[in-house]
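Trainee: After the structure tokens below, expect a handful of questions from me.
The values are calculated or read from the model by the stated rules, or taken from the named source; none is laboratory data. Because the structure is predicted, anything quoted here is derived from the model rather than measured. Every residue, glycine among them, receives a Cβ derived from its backbone with ideal geometry; neighbour counts consider all protein chains shown. Calculation scope for accessible area: heavy atoms of the full protein, side chains included, ligands and nucleic acids excluded. Shrake-Rupley method; radii C 1.70, N 1.55, O 1.52, S 1.80 Å.
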Amino acid sequence: ALAAGDRPLAMADRAELLRRLCVALERPGVDGVLGTPDVIEDLLLLGVLDDKVVIGSMNRGGLVGASFEIDDRFTAYDAPSIAERGLDGGKMLLRIDDEDPATARTLESCAHAVTGLARHGLMAMVEPFISRRDGGRVRNVLTPEAMTRAVAIASGLGASSAHTWLKVPVVDEMERVMAASTLPALLLGGEVTDDRDAAPANWRKALALPSVMGIVAGRTLLYPPGDDVAAAVDAAVEVMP
């Protein structure tokens with residue numbers, strides 16, 4: 001995925017992406033970064049990951065727009081490589097489409113990844129959605145009912161949930177959604193919009209829930225309206241309890 005808001009190739013310039021990441025990582029209150037191996041290794045070479053939490057992105061095979069999008073293969077980090085490199089955990093995307101048989105393979109793969117990370121005592125960050133195809137495109141269903149089901153499914157993956165965290169969008173009735181699990185959760189950023197105050201307002205309300213521990217916001221902060229990365233990051237930090 002290279003788009004941010006109405007810019008279809010916003011993230012295609014790697015040097016510019018790295019510059020924005022460096023700006024974000026330097027802001028007070030930013031604990032770390034989540035990324036694929038190529039991004040993490042670039043940031044490591046730039047020397048900006050000292051004393052930071054680093055989470056490796058694991059399944060990247062479900063390319064946006066591809067016929068095999070739901071069959072989200074683990075083509076980046078795996079649990080052994082995350083442990084060997086001294087990272088703090090791994091993140092996986094889990095899109096559940098009841099009409100697509102490939103969902104079963106992705107569920108199984110995510111379960112194995114959760115188990116593998118737990119054996120190393122490392123965080124497994126699961127980002128679950130109920131999804132469906134609409135005009136050939138995979139879309140996530142962001143209703144309270146759909147997210148409640150997604151959270152419940154993700155919570156039961158793997159041989160242990162002792163190190164599992166959830167990464168969830170802010171939707172209506174978040175208190176009901178988060179009541180579906182006792183696992184700690186982080187809020188994702190959502191789509192980039194022209195309303196720079198919308199995301200912080202939604203985060204503030206959700207962060208009041210007992211299991212919500214923080215924010216993992218990518219392009220929402222890296223490509224905000226007006227392109228002031230530092231201000232966008234500071235606004236996100238400001239809503240943290």
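Trainee: Only one of (1) without any contact (Cβ under 8 Å) to a residue 60 or more places away in the chain; (2) in contact with a helix residue (DSSP H, G or I) (Cβ under 9 Å, 6 or more places away or on another chain); (3) closer than 13 Å to Gly62 by Cβ fails for Thr103. Which number is that?
Mentor: The number of the failed condition is (2).
Trainee: I'm checking my understanding of the structure. Among residues of the stretch 212-235 that are free of Cβ contacts under 8 Å to residues at least 40 places away in the same chain and either crowded, with 17+ Cβ neighbours inside 10 Å or in contact with a His (Cβ under 7 Å, 6 or more places away or on another chain) (or both), which one is nearest to Trp165 (Cα to Cα)?
Mentor: Among them, the one singled out is Val212.
Trainee: Still on this structure, please answer the following. Conditions: (1) among the hydrophobic types (A, V, I, L, M, F, W, C); (2) open to solvent by 70 Å² or more (accessible area, probe 1.4 Å); (3) under 24 Å from Ala198 (Cβ atoms). Val177 meets all but one. Number of the miss?
Mentor: (2)
Trainee: Out of all the residues in the stretch 94-112, which are among the hydrophobic types (A, V, I, L, M, F, W, C) and part of a helix (DSSP H, G or I)? Spell out how you get there, then give the answer.
Mentor: Restricting attention to the stretch 94-112, the residues satisfying the condition of being among the hydrophobic types (A, V, I, L, M, F, W, C) are 94, 96, 102, 104, 107, 110-111.
If the condition is that a residue be among the hydrophobic types (A, V, I, L, M, F, W, C) and part of a helix (DSSP H, G or I), then Ala102, Ala104, Leu107, Cys110, Ala111 are the ones that fit.
Trainee: Next up: Among the residues of the stretch 188-198, is there at least one that is in contact with a Ser or Thr (Cβ under 9 Å, 6 or more places away or on another chain) and without any contact (Cβ under 8 Å) to a residue 40 or more places away in the chain? Write out each step before concluding.
Mentor: Initial filter on the stretch 188-198 (in contact with a Ser or Thr (Cβ under 9 Å, 6 or more places away or on another chain)): 188-193.
If we keep only those that are without any contact (Cβ under 8 Å) to a residue 40 or more places away in the chain as well, we get 189-190.
Yes, that holds for at least one residue.
Trainee: Could you figure out which of (1) under 30 Å from Gly86 (Cβ atoms); (2) touching a residue at least 60 places away in the same chain (Cβ under 8 Å); (3) of a type outside the set (A, V, I, L, M); (4) open to solvent by less than 20 Å² (accessible area, probe 1.4 Å) isn't true of Ser131?
Mentor: For Ser131, the exception is condition (1).
Trainee: Something else: Which pairs turn up if I take residues in the stretch 145-158 that are open to solvent by 20 Å² or more (accessible area, probe 1.4 Å) and look for partners that are outside any helix (DSSP H, G or I) with beta carbon separation below 6 Å, at least 6 apart in sequence or on another chain?
Mentor: As it stands, the answer is Thr148/Ala180; Arg149/Ile130; Ala152/Ala180; Ser155/Ser181; Ser155/Leu183, since those pairs meet every condition given.
Trainee: If I ask for residues that are farther than 12 Å from Ser109 by Cβ, among the hydrophobic types (A, V, I, L, M, F, W, C) and touching a strand residue (DSSP E or B) at 6+ places or on another chain (Cβ under 7 Å), which ones from the stretch 71-95 would you list?
Mentor: Of everything in the stretch 71-95, those that are farther than 12 Å from Ser109 by Cβ, among the hydrophobic types (A, V, I, L, M, F, W, C) and touching a strand residue (DSSP E or B) at 6+ places or on another chain (Cβ under 7 Å) turn out to be Ala76, Ile82, Leu87.
Trainee: Further question: When only residues in the stretch 77-87 that are in a helix (DSSP H, G or I) and open to solvent by 40 Å² or more (accessible area, probe 1.4 Å) count, which is farthest from Leu44 (Cα to Cα)? Steps first, please.
Mentor: Applying the first criterion (in a helix (DSSP H, G or I)) to the stretch 77-87 yields 79-84.
Narrowing further to those that are open to solvent by 40 Å² or more (accessible area, probe 1.4 Å): 80, 84.
Values: Pro80: 19, Glu84: 15 Å.
By that ranking, first place goes to Pro80.
Trainee: Let me ask something else about it. I need a count of the residues in the stretch 63-76 that are within 16 Å of the chain's Cα centre (by Cα) and open to solvent by less than 10 Å² (accessible area, probe 1.4 Å).
Mentor: So the count comes out to 1.
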